[in-house]
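Data first, discussion second: the structure below is written as structure tokens.
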Amino acid sequence: MSEHCVIFITAGSKEEADKIGRGLVEDKLAFCVSIIPEIQSTYYWEDKIHVDEEFLLIVKTRKDRYDALETWVKINHSYEVPEIISLPIEQGLPAYLSGIDNWVAKKF
């Protein structure tokens, strides 16, 4: 079973995406956050369909840091219910995965 994961988070502005990405790395909750600008999200919320421009954050981290990361994002995100979705990393370049382990603080 993999110890690493990729987490998708969306943000409503570049400023918010930058703030979240930098904060997660600075607080050692993520090794790397890639930000994809200007995606279009179509979703159902509060009894209607919405179409919004957003920014997608792709977060690389350890699975054992998910709970702390989720808490951090909920505190620092402007959305009432932010998208925070984790997917396991089944395989990866060992040197890159070691980079994750070396930066992200392991849960004790």
Problem set entry | Under 17 Å from the Cα of Lys28 - lysines, other chains or at least 8 residues apart | Lys19, Lys60, Lys63, Lys74, Lys106, Lys107
For this session: Would you mind calculating the relative contact order of the chain from Cα pairs under 8 angstrom and at least 6 residues apart, reporting the percent as a whole number?
Result: 40 percent
Exercise. Picking from Asp64, Asp47, Asp27, which is most flexible by a Gaussian network model of the chain using Cα springs under 10 Å?
Worked result: Asp47
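For the chain, what does the alpha-carbon gyration tensor say about shape, rounded, prolate or oblate, given a ≥ b ≥ c as the root eigenvalues, a/c under 1.5 as rounded, and a/b over b/c as prolate?
The shape class here is prolate.
Counting Lys and Arg as +1 and Asp and Glu as -1, what is the net charge of the other residues whose Cβ lies under 15 Å from the Cβ of Leu97?
Summing Lys/Arg as +1 and Asp/Glu as -1 gives +1.
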Exercise. Comparing Ile85, Ile20, Ile39, which has the greatest mean-square fluctuation in the GNM of the chain with Cα pairs linked when under 10 Å apart?
Worked result: Ile39
For this session: Would you look at the GNM of the chain, springs on alpha carbons closer than 10 Å, and say which of Lys28, Lys74, Lys63 moves the most?
Result: Lys74
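We did not get these values from a lab; they are worked out from the coordinates using the rules stated. Everything numeric in this text was worked out from a predicted model, so none of it was measured. Virtual Cβ from ideal backbone geometry, glycine too; neighbours counted across all protein chains shown.
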